[in-house]
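The values are calculated or read from the model by the stated rules, or taken from the named source; none is laboratory data. If you're wondering where the values come from, they're calculated on a predicted model, not measured in any experiment. Cβ placement follows ideal geometry from the backbone for every residue including glycine, while neighbour counts extend to all protein chains displayed.
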Amino acid sequence: MSGHKHLLLMSQDKSGNNILHLAGKLPHLCQLNRIPGAALKMQRELQWFKEVEKIVPPTIKEHKNSQGKTPAMVFVEEHQDLVKEGEKWMKDAATSCSIVTVLIATVVFAAAITVPGGNDKHGEPNFYEFSAFFIFAIADAISLFSSIAAVFMFMSILTARYKETDFLFALPKRLILGLFMLFLSVTAMMVAFGATVYLVNFDNKSNQAGQDWVFYSVMGLSFLPVSVFAYSQFPLLVDLTFSTYGPSIFGKHSTGVLYKKGE
């Protein structure tokens with residue numbers, strides 16, 4: 001990014017490759033393996049290519065090397081295997097998460113139509129007037145809606161076209177939304193479970209029996225699945241979010257286009 005950049009941007013190697021041709025080539029495995037996950041590797045390669053593309057003259061983008069290939073053609077040819085690996089990684093992640101999400105949606109839907117405590121002779125829930133029942137209803141609805149939304153996100157990943165450019169924003173955003181919705185549904189399901197346990201077993205009974213510690217123990221254990229899920233999937237969610245919405249590779253230097261059309 002120093003004052004020598006203009007000379008470098010116009011240079012070519014002995015094969016007629018300009019700087020954008022070189023940016024489209026696959027790096028050494030030692031450098032590529034620093035990034036976890038094939039999809040994130042492909043996203044990083046696209047980000048690198050797009051960043052270099054911003055600082056070259058428009059004529060460079062369509063320049064052909066000695067083999068008659070443009071930079072875009074070189075990028076597609078060099079990254080064919082990585083695209084296949086990224087597709088497999090994305091589909092495996094979406095499939096695994098979809099199974100869990102469908103199970104959650106099934107459980108919370110069954111809980112919604114079979115309310116805790118049952119109904120009276122008029123068809124109204126017996127615990128309708130309790131505040132814990134209101135918490136159960138809200139949490140169960142959030143869990144149901146978020147799990148269904150997560151299923152749609154994961155289905156969109158499984159049915160995607162998997163073009164090279166899809167790995168830049170489209171696929172990572174879908175996976176981020178799917179994981180976030182899945183985490184929300186698991187958390188809300190555990191809240192609904194806690195409210196149900198309180199209504200059925202402890203409401204107006206724990207103080208009389210002196211069993212507050214039992215209730216708090218059950219509530220603590222109910223959030224164990226949430227903690228396990230966060231421990232196992234939160235690093236992936238952070239990596240995806242930072243890679244997709246974090247700072248650009250060249251930082252502030254690449255925020256503007258250095259060349260206008262015709263220059």
#### Entry: Which listed residue is among the basic types (K, R) and in contact with an Asp or Glu (Cβ under 7 Å, 6 or more places away or on another chain), from K5, K25
K25
### Query
Can you name the residue in the range 60-75 that is surrounded by fewer than 17 Cβ atoms within 10 Å (Cβ to Cβ) and of a type in the set (A, V, I, L, M) and is also farthest from the chain's Cα centre (by Cα) among such residues?
M73
### Message
Condition first: of a type in the set (S, T, N, Q) and modelled with pLDDT of 90 or more. Can you find one or more residues in the range 187-196 that meet it?
### Response
yes
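Output the residues belonging to the range 65-98 that are of a type in the set (S, T, N, Q) and in a loop (DSSP other than H, G, I, E, B). Talk me through it step by step, then tell me what you get.
Quick first cut of the range 65-98, residues of a type in the set (S, T, N, Q) only: 65-67, 70, 80, 95-96, 98.
Result: N65, S66, Q67, T70.
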### Task
Please work out which one of (1) free of Cβ contacts under 8 Å to residues at least 24 places away in the same chain; (2) under 30 Å from W89 (Cα atoms) is the condition S11 fails and give its number.
(2)
## Note on the structure
If we keep only residues of the range 169-195 that are crowded, with 22+ Cβ neighbours inside 10 Å and of a type outside the set (A, V, I, L, M), then the residue farthest from L158 (Cα to Cα) is F193
### Query
Any idea which residue in the range 235-250 is farthest from G178 (Cα to Cα), counting only those that are modelled with pLDDT of 85 or more and touching a helix residue (DSSP H, G or I) at 6+ places or on another chain (Cβ under 8 Å)?
S243
### Query
When you go through (1) surrounded by 12 or more Cβ atoms within 10 Å (Cβ to Cβ); (2) outside any loop (DSSP other than H, G, I, E, B) one by one for P27, which number turns out not to apply?
(2)
### Considering residues of the range 19-59 that are modelled with pLDDT under 90 and of a type in the set (S, T, N, Q) only, the residue farthest from the chain's Cα centre (by Cα)
T59
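Return the only residue of F136, F130 being assigned by TED's automatic domain parsing to the domain that holds V226, of a type in the set (A, V, I, L, M, F, W, C) and modelled with pLDDT of 85 or more. So that I can check it myself, show each step before the final result.
Working: F130 fails: modelled with pLDDT of 85 or more.
Answer to the selection: F136.
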### Query
Checking F145 against (1) at pLDDT below 95; (2) surrounded by fewer than 19 Cβ atoms within 10 Å (Cβ to Cβ); (3) under 30 Å from L40 (Cα atoms), which test does it fail?
(1)
## Note on the structure
Taking first residues from the range 31-46 that are surrounded by fewer than 16 Cβ atoms within 10 Å (Cβ to Cβ) and second residues anywhere that are outside any loop (DSSP other than H, G, I, E, B) and of a type outside the set (A, V, I, L, M), the pairs with Cβ under 6 Å that are 6 or more apart or on different chains are L32/K41
### Task
Looking only at the range 159-173, decide whether some residue is at pLDDT 90 or above, part of a loop (DSSP other than H, G, I, E, B), among the small types (G, A, S) and closer than 22 Å to L82 by Cβ.
yes
